[in-house]
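Please treat every number below as a calculation from the coordinates, not as lab data. This structure is a prediction, so every number in the text was calculated from the model and none was measured. Methodologically, a virtual Cβ is constructed for each residue, glycine included, from the backbone with ideal geometry; neighbour enumeration extends over all protein chains shown.
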Amino acid sequence: MTKLLYVRTSPRGEASKSIQIADAYLATYREAYPDAEIETVDLWDLGLPEFDGDSAASKMSFFGEAGMTEKQKAIYAELVRLFEQFNSADDYLFAIPMWNFGVPYKLKQYIDLLSMPGTLFGFDPAEGYIGLLKGKRATAVFSAAIYHDGAPKAFGTDHVSTFFTDWLNFAGISDVETIWYQKYKMVSAAEADIRLAAAQSQARAAARRPGARA
Ligand SMILES: Cc1cc2nc3c(=O)[nH]c(=O)nc-3n(C[C@H](O)[C@H](O)[C@H](O)COP(=O)(O)O)c2cc1C
C-alpha cells in the first residue's frame, strides 16, 4: 500500500497559496487512491529539534570522527526517528513558499535533520553522493510573489525549486514534478483566482499521474 507524506512548510495555514494548491492535489489523490495512507506534517508544529553542535557531532561521527557521547547517541536516535517517519512514505507532497530566494528556514532545518549519512545518503570517493531512498516520487508546489519565470535578476533568483529538487535527487528521488504559483503582475483579484485555479488544475493532474502504487 502507498503512503503519501504531505509536508507543509508555510506557516500561513489555510491562507497559504502553496497549501491551497497542494490541498487540491491531496483531494484528487484521495479519490484516485482511496486505499493510500496519508500523513500530513506541518513543519511549524512538528517541534523539530535544533541542529546544534551535538546533532552535528552525531552526524559527523559517521564520517570517521571520534565516537559519540551518550547525549549525542540520544540525539542520533531522535534523528533516526525523524528519518524513519520520512522514509515510511513512498510518495511525497511538499508545499513550499519562496523566502528570500530560498526555502523557509524550517524546511532547511528539516532537511539538515533528515540528511544523515548511512540512512538518507551514502558516499563513494569515485562516484560521489549516492541517494539511498529508492522507488519513491515527489511533487513540490512552489509559491512566490515577486520572482517569476524570465525575470531580471533584480526580481530575485530561484534558489527554491533548484535547491529543493537537487536535495530530492541527492536523496535518491528522481521522479519529481514541480508546480509554480507566481503572483507577480496579477492586475486583478480575478486574474489571481485564474492563476490559482490553473495551478490547482496542474496539481490535480499531477496527483493522477502514473507512479503511485496504491
Ligand atoms: C519571509 C518571507 C520572505 C519572502 N521572500 C520572497 C522572495 O524572496 N521572493 C518572492 O518572490 N517572494 C517572497 N516572499 C513572498 C512569498 O513567497 C509569497 O507571498 C508566497 O506566495 C507565499 O507562499 P504561501 O502563500 O504558501 O505562504 C516572501 C514572504 C515571506 C513571508
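Please give the net charge around T40, taking every other residue with its beta carbon less than 14 angstrom from that of T40, where Lys and Arg add +1 and Asp and Glu add -1.
On the way: positive: K3, R8, R30; negative: E14, D23, E37, E39, D42, D45, D91.
Every neighbour counted, the sum reads -4.
Work out the charge dipole of the chain with +1 on the Cβ of Lys and Arg and -1 on the Cβ of Asp and Glu about the Cα centre, then indicate which of G13, T69, N87 is farthest towards its positive end.
Of the candidates, G13 comes out farthest on the positive side.
What share of the DSSP beta bridges in the chain is antiparallel, in percent to the nearest 5?
Here the antiparallel bridges make up roughly 15 percent for the chain.
Using DSSP loop states and a limit of at most 12 other Cβ atoms within 10 Å to flag GluC sites (Glu not before Pro), what is the longest stretch of the chain containing no flagged site?
In the chain, the maximal stretch lacking such sites is 128-214.
Name all residues of region 1-37 having a backbone nitrogen under 17 Å from the label point set 7 Å from the Cα of A189 along its Cα→Cβ direction, giving them as ranges.
15-17
Each residue of region 181-190 in turn: what ³J(HN,Hα) in whole Hz from Karplus with 6.51, -1.76, 1.60 and θ = phi - 60°, glycine and Pro shown as x?
Once θ is set to phi - 60°, the couplings for region 181-190 become 10, 10, 7, 4, 6, 7, 7, 9, 4, 5 Hz.
Looking at I111, G122, A145, which one has the Cα that reaches farthest to the positive end of the dipole of the chain (charges on Cβ: Lys, Arg +1; Asp, Glu -1)?
A145
Apply the Karplus curve 6.51 cos²θ - 1.76 cosθ + 1.60, θ = phi - 60°, to the phi angles in region 36-47 and return the couplings in whole Hz, x for Gly and Pro.
Once rounded to whole Hz, the list reads 5, 7, 10, 10, 10, 10, 9, 4, 7, 10, 6, x.
With axes computed from alpha carbons, what is the tilt in degrees of helix 70-87 against the longest principal axis of the chain, rounded to the nearest 10 within 0 to 90?
Value to nearest ten degrees: 40.
Report relative contact order for the chain in percent, whole number only (criteria: Cα-Cα under 8 Å, sequence separation at least 6). Provide the component values of the computation, followed by the final result.
Working: 336 pairs, mean separation 59.5, N = 214.
Computed over the chain, the figure is 28 percent.
Springs between alpha-carbon atoms under 10 Å, Gaussian network over the chain: tell me which of D45, D158, D112 tops the mean-square fluctuations.
Among D45, D158, D112, the largest mean-square fluctuation in the Gaussian network model of the chain belongs to D45.
Does anyone have the angle between helix 161-171 and the longest principal axis of the chain? Alpha-carbon axes, 0 to 90°, nearest 10?
40
Taking the Cα centre as origin and putting +1 on Lys and Arg beta-carbons and -1 on Asp and Glu beta-carbons, what dipole magnitude results for the chain, to the nearest 20 debye?
About 520 debye.
When the scattering of the chain is computed by the Debye formula from its Cα atoms alone, each counted once and equally, what is log10 I(q)/I(0) at q = 0.09, 0.14, 0.16 Å⁻¹?
At q = 0.09, 0.14, 0.16 Å⁻¹ the computed log10 ratios are -0.39, -0.89, -1.12.
For the modelled label position 7 Å from the Cα of D124 along Cα-to-Cβ, which residues of region 151-189 have backbone nitrogen atoms closer than 20 Å?
Taking a point 7 Å out along Cα→Cβ of D124, the residues of region 151-189 whose backbone N falls under 20 Å are 167-175.
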